[in-house]
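Each value in this text was obtained by applying a stated rule to the coordinates, not by laboratory testing. Predicted, not measured: the structure shown is a model, and the values here were computed from it. Ideal geometry is used to build each Cβ from the backbone, glycine not excepted, and the neighbour counts take in all protein chains shown.
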């Protein structure tokens, strides 16, 4: 089985490989084609963490084949679906440094949430993170899908007012600080990208 992930931005090569692994037969090998070393490392690490055998071939400049084969020794344990996971997004960028890169990273993070086995129970948007749940956001489609799967999307009303976005909310509901604090306090785990 061959998956062509060349030209795909992170995390797409890993997501494509995971989907293919779900359909791969035991005696079948998976070849993932990628065009950068970061994708080679990411796909390799994912496959090795799942217990597969991995070999990499460099086919040319910026052209690699990641071969995934074998059968994992034991099934990979998924996170418990009973866990109350909350994602708290405080900015419309991820990390410090370059805001253009930070915007790409937060978009990739929210997309990746749609691809994992265990979804968070709630996603909270506050401060400039509130912009991500409003009209014009590149992440609206992903957030709407998450909401359709039962993920609660809360956006700080004070933040929407501050950024003059109250009438632009595109997904989820307007929340308040009491609900935000209560949701964070009841969480088993809070993830802050």
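Between the helical axis of 177-186 and the longest alpha-carbon principal axis of the chain there is an angle of about 40 degrees. How far, in degrees from 0 to 90, does helix 37-49 lean away from the longest principal axis of the Cα atoms of the chain, to the nearest 10? For helix 37-49, the angle is close to 90 degrees. Between residue 100 and residue 71, what FRET efficiency follows from the Cβ-Cβ distance if R0 is 41 Å, with the result rounded to 0.05? Efficiency, rounded to the nearest 0.05: 0.45.
Convex hull volume per residue, computed on the Cα atoms of the chain, equals 128 Å³.
Which order do peptides 123-131, 181-189 fall in by mean Cβ count within 10 Å, highest first?
Result, highest mean first: 123-131, 181-189.
The angle between the Cα long axis of helix 12-23 and the main principal axis of the chain comes to about 60°, on a 0 to 90 degree scale.
The label point for residue 167 and the one for residue 116, both projected 7 Å from the Cα toward the Cβ, are 3.7 nm apart. Across all Cα pairs in region 2-69, the calculated P(r) in 10 Å bins from zero up to the longest distance comes to 23, 62, 15, 0 percent per bin.
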